[in-house]
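The values are calculated or read from the model by the stated rules, or taken from the named source; none is laboratory data. This structure is a prediction, so every number in the text was calculated from the model and none was measured. Cβ placement follows ideal geometry from the backbone for every residue including glycine, while neighbour counts extend to all protein chains displayed.
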């Protein structure tokens with residue numbers, strides 16, 4: 001085993017600052033896997049019966065200790081750090097929980113995409129800004145008043161802060177103080193992906209103007225959320241803008257400028273930005289060099305080329321990832337260990353790397369594979385060039 | 001062998017407009033030529049040529065998924081104009097049949113829908129069974145249609161067992177040597193191919209079409 005000379009907090013911050021920690025830090029995104037292992041119903045974050053949340057949080061704590069501990073917690077436990085309705089209540093479809101509609105209880109939580117926003121809604125966003133649009137949209141679409149939502153989400157925030165306190169007292173960083181769904185992802189989820197793509201083709205200027213109009217409220221809402229949670233980390237949910245979907249001209253013109261405005265605003269306040277990239281962003285990686293150095297984590301889900309990311313972003317931002325879900329579910333421990341060692345050898349060289357699950361640890365991951373992933377960072381040192 | 005430059009030089013007006021994603025122009029051309037009494041099949045062929053060029057541009061890195069989706073939408077609009085003018089059964093005589101669906105337990109439809117659009121654009125006859133499709137439903141449709149190709153989609157790790165279960169059902173029905181099987185999805189890898197015992201896997205819709213083209217040749 002590698003002799004540990006840093007706390008988890010010091011280790012994670014060394015990686016964010018592109019320094020060489022005592023060993024590679026590990027921060028797996030664990031949620032549904034834990035519920036399954038502990039025989040609990042699989043529900044989305046902040047889902048299921050709130051009466052079960054304390055038991056679910058206990059399961060998170062137990063699993064952390066059973067697995068020998070890791071260096072950071074993604075969401076503090078069973079909810080997101082939402083304090084306002086403004087971002088997290090964005091118009092969207094809904095979750096389908098295992099057991100619903102005859103779907104096996106062994107499945108994962110799934111997101112059902114529905115068209116809940118119209119082309120005309122872009123005009124409202126342009127005219128009234130994001131909060132103005134939502135304050136009109138939410139009561140109309142859901143029948144729930146903004147006051148009711150505020151009360152519900154304040155209750156969620158209190159639970160989040162209590163759960164976060166547990167980890168912070170143990171000197172384990174909590175990597176989410178606010179959650180931002182990127183502007184293009186928000187609109188894409190509300191329109192559905194194919195419709196959003198067709199909208200950009202048919203109503204290019206209108207979509208662009210709507211994306212730009214969302215930014216001031218997105219910035220202020222997130223700052224409010226970070227202040228409410230007291231945790232200066234912002235998690236970005238990024239999927240729909242990647243080169244797996246859109247050409248780089250659209251990315252450069254419509255999506256990246258919004259991401260940069262958000263990250264610049266948060267970095268200026270000292271917030272660390274966890275850029276959670278799902279799908280293949282390999283083509284987009286060079287743009288990330290324009291974001292503030294040492295203030296972001298580029299988190300990849302195993303579909304982007306993490307080794308290329310090291311070449312492009314090494315020396316500029318920390319990289320996090322990316323043990324593939326299929327490997328954790330179907331592979332054997334030797335394959336998991338070999339992949340983790342390769343990550344440490346290549347991406348971990350000279351620091352600036354956090355080993356993690358690619359996306360979330362799958363619900364059906366083999367326990368011994370998860371254990372092997374965690375144990376590997378504790379015994380296998382990263383190389384130094386000098 | 002026709003190279004892409006030659007293909008682009010020989011494009012018809014409809015094919016060129018579709019390849020350039022000129023939605024209004026394609027609709028207008030198709031409508032006018034149908035009204036002038038032209039053979040719907042030749043217009044369909046021109047639309048397919050346009051889709052073929054879109055595919056070439058995608059492979060060349062000039063087009064991305066969003067252009068595939070937009071071209072698919074334009075193609076669908078053209079088909080809505082052309083199909084009512086076709087005689088019953090016309091256009092499907094030569095088409096290779098593909099049974100397609102998202103596997104049991106998985107409700108993700110976008111990837112599967114994209115592949116369905118691209119397959120239709122490439123001239124395949126697609127039997128799309130939707131989402132959360134039980135193994136027996138795949139088997140029943142393969143028997144009913146005699147399709148030589150089965151495409152299964154899934155976005156979650158538990159879907160891999162549903163894929164495997166479906167392959168087993170195809171085997172039990174005595175169809176495995178008559179049907180080539182491909183699985184697709186964002187996190188599908190070679191390990192999944194090994195686990196499920198399918199013939200191919202892909203993370204890319206257009207590559208899925210190429211795989212089906214290869215299967216169609218092999219099964220003839």
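What is the one condition in (1) crowded, with 21+ Cβ neighbours inside 10 Å; (2) over 18 Å from residue A:108 (Cα atoms) that residue B:94 does not satisfy?
So the condition that residue B:94 fails would be (1).
Tell me the residue from A:354, A:344 that is buried (at least 18 other Cβ atoms within 10 Å of the Cβ), modelled with pLDDT of 95 or more and assigned to a helix (DSSP H, G or I), please.
Sole residue among the options that is buried (at least 18 other Cβ atoms within 10 Å of the Cβ), modelled with pLDDT of 95 or more and assigned to a helix (DSSP H, G or I): A:344.
Hey, can you tell me all the residues within segment B:139-165 that are in a helix (DSSP H, G or I) and in contact with a strand residue (DSSP E or B) (Cβ under 6 Å, 6 or more places away or on another chain)?
Result: B:141, B:142, B:145, B:159, B:162, B:163.
From the list A:13, A:82, A:56, which residue is in contact with a helix residue (DSSP H, G or I) (Cβ under 7 Å, 6 or more places away or on another chain), at negative phi and modelled with pLDDT of 90 or more?
A:56 is the lone residue from the list that is in contact with a helix residue (DSSP H, G or I) (Cβ under 7 Å, 6 or more places away or on another chain), at negative phi and modelled with pLDDT of 90 or more.
Could you tell me whether residue A:219 is away from chain B (no Cβ under 14 Å), farther than 30 Å from residue A:71 by Cβ, touching a residue at least 40 places away in the same chain (Cβ under 8 Å) and under 20 Å from the mean Cα position of the chain (by Cα)?
Answer is no for this residue.
Given A:150, A:205, which one is surrounded by fewer than 22 Cβ atoms within 10 Å (Cβ to Cβ) and without any contact (Cβ under 8 Å) to a residue 60 or more places away in the chain?
A:205
Exactly one condition in (1) at the interface with chain B (Cβ under 10 Å from one of its Cβ atoms); (2) crowded, with 24+ Cβ neighbours inside 10 Å is not met by residue A:363; state its number.
(2)
Find the residue count for segment A:304-321, including only residues that are in a helix (DSSP H, G or I) and surrounded by 18 or more Cβ atoms within 10 Å (Cβ to Cβ).
Count: 5.
Does segment B:172-209 hold any residues that are more than 14 Å from chain A (Cβ to nearest Cβ), closer than 24 Å to residue A:326 by Cα and without any contact (Cβ under 8 Å) to a residue 40 or more places away in the chain, and which are they?
Once the filter is applied, which keeps residues that are more than 14 Å from chain A (Cβ to nearest Cβ), closer than 24 Å to residue A:326 by Cα and without any contact (Cβ under 8 Å) to a residue 40 or more places away in the chain, segment B:172-209 yields B:180, B:181, B:182, B:199, B:200.
Is it fair to say residue A:283 is touching a residue at least 24 places away in the same chain (Cβ under 8 Å), away from chain B (no Cβ under 13 Å) and surrounded by 19 or more Cβ atoms within 10 Å (Cβ to Cβ)?
The answer is no for residue A:283.
In segment A:283-297, what residues are assigned to a helix (DSSP H, G or I) and in contact with a strand residue (DSSP E or B) (Cβ under 9 Å, 6 or more places away or on another chain)?
A:284, A:285, A:288
Looking only at segment A:101-124, which residues are without any contact (Cβ under 8 Å) to a residue 24 or more places away in the chain, surrounded by fewer than 18 Cβ atoms within 10 Å (Cβ to Cβ) and more than 9 Å from chain B (Cβ to nearest Cβ)?
Scanning segment A:101-124 gives A:118, A:120.
Hey, can you tell me all the residues within segment A:360-375 that are touching a helix residue (DSSP H, G or I) at 6+ places or on another chain (Cβ under 6 Å) and either touching a residue at least 40 places away in the same chain (Cβ under 8 Å) or part of a loop (DSSP other than H, G, I, E, B) (or both)?
A:361, A:362, A:363, A:364, A:365, A:369, A:373
Which ones in segment A:334-354 are more than 14 Å from every other protein chain (Cβ to nearest Cβ) and closer than 27 Å to residue A:39 by Cα?
A:337 - this is the single residue of segment A:334-354 that is more than 14 Å from every other protein chain (Cβ to nearest Cβ) and closer than 27 Å to residue A:39 by Cα.
Give just the number: which of (1) over 26 Å from residue A:77 (Cα atoms); (2) modelled with pLDDT under 95; (3) within 14 Å of chain B (Cβ to nearest Cβ) does residue A:239 not satisfy?
The single condition residue A:239 does not satisfy is (1).
Quickly run through segment A:247-278 and pick out the residues that are within 14 Å of chain B (Cβ to nearest Cβ) and touching a residue at least 24 places away in the same chain (Cβ under 8 Å).
Listed by number, the residues that qualify are A:248, A:250, A:251, A:252, A:253, A:254, A:255, A:277, A:278.
Would you mind stating whether residue A:288 is farther than 30 Å from residue A:128 by Cβ and surrounded by fewer than 21 Cβ atoms within 10 Å (Cβ to Cβ)?
Against the criterion (farther than 30 Å from residue A:128 by Cβ and surrounded by fewer than 21 Cβ atoms within 10 Å (Cβ to Cβ)), residue A:288 does not qualify.
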